[in-house]
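These notes are about the structure you will find just below.
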């Protein structure tokens, strides 16, 4: 059973663009932590392609995936995209229906948005 919170898609090929409010700390957010607890409760073990085996999910493992995502700004591993999209779904500002078996999750931040808007304004 999958949990999906907020603005998310049921498609297995959906990709997600995430945006957090200024000053937001997802690691210590009570809603995200509740989502993590619920996800673990419903999915205590999952098949993870990167390990080619079932893995027991713990809060520490999911927090590591979350920290890696926050550090890198993106994740393209289908197993962690599945986990992250479930716990961060409320912060999805865009869902992209990509091709079969193509999944990613990308974190927008204010700098990326400002640069994109600045570039767009310079085109005019």
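Values quoted throughout were computed directly from the atomic coordinates according to the rules given, and no laboratory measurement underlies them. None of the values given here were measured: they were computed from a predicted structure. All Cβ positions, glycine included, derive from the backbone under ideal geometry; neighbour counts span all protein chains shown.
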Next item on the list: Within 10 Å of each residue's Cβ, count the other Cβ atoms and sort 51, 39 from fewest upward.
Entry: 51, 39
Notebook entry, point to check: So if we plug the beta-carbon distance of residue 64 and residue 94 into 1/(1 + (r/R0)^6) with R0 = 22 Å, what FRET efficiency do we get, rounded to 0.05?
Noted result: 0.30
Item checked: Likely footprinting exposure, 107, 70, fewest C-beta neighbours within 10 Å first -> 70, 107
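Output the antiparallel fraction of DSSP beta bridges having both residues in the range 14-123, as a percent to the nearest 5.
Antiparallel: roughly 75 percent of the beta bridges in the range 14-123.
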Check: In nm, to one decimal, how far is the residue 47 label point from the residue 27 one, both placed 7 Å along Cα→Cβ?
Finding: 3.3
